[in-house]
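Peer 1: The structure under discussion is supplied below as structure tokens; questions concerning it will follow.
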Amino acid sequence: MDENFINREILHVDMDAFYASVESLDRPELSGKPVIVGGRTSRGVVSAASYEARSCGVHSAMPLFQAKLLCPDGIFLPARMKRYKEISRKIMNILMRYSPLVEQASVDEAYLDVSGTTNLLGPPEKVAMNIKRDIKNEIGLTCSVGVAPNKFLAKIASDLEKPDGLTIIPRADMSTFMGKLSIKKIPGVGPKTLRELQNFGIKTGLDLLNFSEKFWIDRFGKGGKDLSLRAKGIDNSPVIPHLAPKSFSAEETFAEDITRVDQLQKYLLAHAERVGTDLRVHGYFGRTVHIKIKFADFKTITRSRTIAEPTATTISIFKLASGLLDELETNRKIRLIGLGVSNLTKGVKQLSLLKNDISEKQQKIDRVVDAIRRQFGNEVIRRGQLI
Ligand SMILES: [Mg+2]
């Protein structure tokens, strides 16, 4: 095994015919039909085609007029990006249950690094099955997942058994897999490179390895080095979670206005639980806790408190929020209460908290709650006081 190789457990999740599938989800009468999503005029190109449309030879990036010739009975629909993004957000939220390291690669695909989570969540193939199950049950769509020791192989793997596929490339099979793999399947090999490689008589990963790394660097520069590494199945690029969040928050509008403080406290605890889990799952700590209250007359107020030491502990977040509520001394009717944590830092240890009343035990409870939620979903567990 090459010394450059870093072993990780990476999942690539890719929705099947995403835009077309969303259209069928929203209009079930379309399911099983050749659905083609593209621009509003015939001058556009195909953005997505259902598998029924693909069987007529239609594929994405094909001009629409050509798709119409190939598939005269096709149902041509304009793209509804807003709706696709809305579903995309739900999908990403599901993925984040399984790893804080989720990199969204496009509206319908993402990488997850699940290295070292086996004790908590089971082996990566189990995580992959759970993700497929959650997306199917909660959204109603299918996806294909690739499991491999790196991003590059995971992406290739997710494409191999579409739709509704699950493909695992174990580390032990990597060389054999790469040896047989057509160079056309290697991400990053564009038409121009492909032509040049074909001029050298190269068809598979194995053919690539018949030439030295230096040979490829001389011809393609840095791209040549990458190519040579890819042929060995090596890709050490990290999974980078995108956009750091500014705050985590939760709020709820009540079915009926509430005045009783004990009831409000229960909502605050539930919010603290949600926000605390979110912080911990994503590896964040916050210094500022705020509450937001909307009165029956829609007047809204916020109160906040900033502490010296960042926290991600449910109980400490709750205590701060609860103190803010107590100071309000309000007996007016309230229609919404919210809680948020901001002033975020990433991955700071909460050492000094151990000296305070927030014991190590509380942090252990948090970890257990988080683990159960990750496996069974958010509604399963609620702290004793909530019931
Ligand atoms: Mg896709």
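Peer 1: Here are some residues: S182, S144, S115. Which one is over 18 Å from the mean Cα position of the chain (by Cα) and either modelled with pLDDT under 95 or buried (at least 17 other Cβ atoms within 10 Å of the Cβ) (or both)?
Peer 2: S182
Peer 1: Quick test of your reading of the structure: P123 fulfils all but one of (1) closer than 25 Å to L30 by Cα; (2) more than 13 Å from the chain's Cα centre (by Cα). Name the failing condition by number.
Peer 2: (1)
Peer 1: Tell me, which helices (runs of 4 or more DSSP H) wholly within the range 27-121 include 3 or more residues that are closer than 22 Å to F248 by Cβ?
Peer 2: Here the list reads 81-96.
Peer 1: Using the structure shown, decide if V145 is within 16 Å of the ligand (Cβ to nearest atom), touching a strand residue (DSSP E or B) at 6+ places or on another chain (Cβ under 7 Å), in contact (Cβ under 8 Å) with a residue 40 or more places away in the chain and not charged (D, E, K, R).
Peer 2: yes
Peer 1: Would you check if S50 is within 15 Å of the ligand (Cβ to nearest atom), surrounded by 22 or more Cβ atoms within 10 Å (Cβ to Cβ) and not β-branched (V, I, T)?
Peer 2: It is true that S50 is within 15 Å of the ligand (Cβ to nearest atom), surrounded by 22 or more Cβ atoms within 10 Å (Cβ to Cβ) and not β-branched (V, I, T).
Peer 1: Shifting gears a bit: Can you go through I258, I240 and tell me which one is in contact with a strand residue (DSSP E or B) (Cβ under 6 Å, 6 or more places away or on another chain) and within 20 Å of P149 (Cα to Cα)?
Peer 2: Within the list I258, I240, the selection yields I240.
Peer 1: Here is a follow-up. Among the residues of the range 153-168, what is the count of those that are surrounded by fewer than 23 Cβ atoms within 10 Å (Cβ to Cβ) and more than 16 Å from the ligand (Cβ to nearest atom)?
Peer 2: Number of matching residues: 1.
Peer 1: Return only the number of the condition from (1) at pLDDT below 95; (2) touching a helix residue (DSSP H, G or I) at 6+ places or on another chain (Cβ under 7 Å) that E138 does not satisfy.
Peer 2: (1)
Peer 1: Looking at the range 1-23, which of the residues that are at pLDDT 90 or above and surrounded by fewer than 24 Cβ atoms within 10 Å (Cβ to Cβ) is farthest from the ligand (Cβ to nearest atom)? Spell out how you get there, then give the answer.
Peer 2: Step one: filter the range 1-23 for residues at pLDDT 90 or above, giving 9-23.
Within this subset, residues satisfying the condition of being surrounded by fewer than 24 Cβ atoms within 10 Å (Cβ to Cβ) are 9, 14, 16, 18.
On the way: E9: 21, D14: 4, D16: 6, F18: 5 Å.
Taking the candidates together, the pick is E9.
Peer 1: Of the numbered conditions (1) farther than 19 Å from D366 by Cα; (2) surrounded by fewer than 22 Cβ atoms within 10 Å (Cβ to Cβ); (3) aliphatic (A, V, I, L, M), A270 satisfies every one except a single condition; which is it?
Peer 2: Of (1) farther than 19 Å from D366 by Cα; (2) surrounded by fewer than 22 Cβ atoms within 10 Å (Cβ to Cβ); (3) aliphatic (A, V, I, L, M), only one is false for A270: (1).
Peer 1: Among (1) buried (at least 21 other Cβ atoms within 10 Å of the Cβ); (2) touching a residue at least 40 places away in the same chain (Cβ under 8 Å); (3) more than 18 Å from the chain's Cα centre (by Cα); (4) more than 15 Å from the ligand (Cβ to nearest atom), which single condition is V37 missing?
Peer 2: Result: V37 passes all but (4).
Peer 1: Could you run through the range 106-135 and say how many residues are in contact with a helix residue (DSSP H, G or I) (Cβ under 8 Å, 6 or more places away or on another chain), within 16 Å of the ligand (Cβ to nearest atom) and hydrophobic (A, V, I, L, M, F, W, C)?
Peer 2: 5
The values are calculated or read from the model by the stated rules, or taken from the named source; none is laboratory data. Keep in mind that this is a model prediction, so the values were computed, not measured. Reconstructed Cβ throughout: ideal geometry from the backbone, glycine too, with neighbour counts over all protein chains shown.
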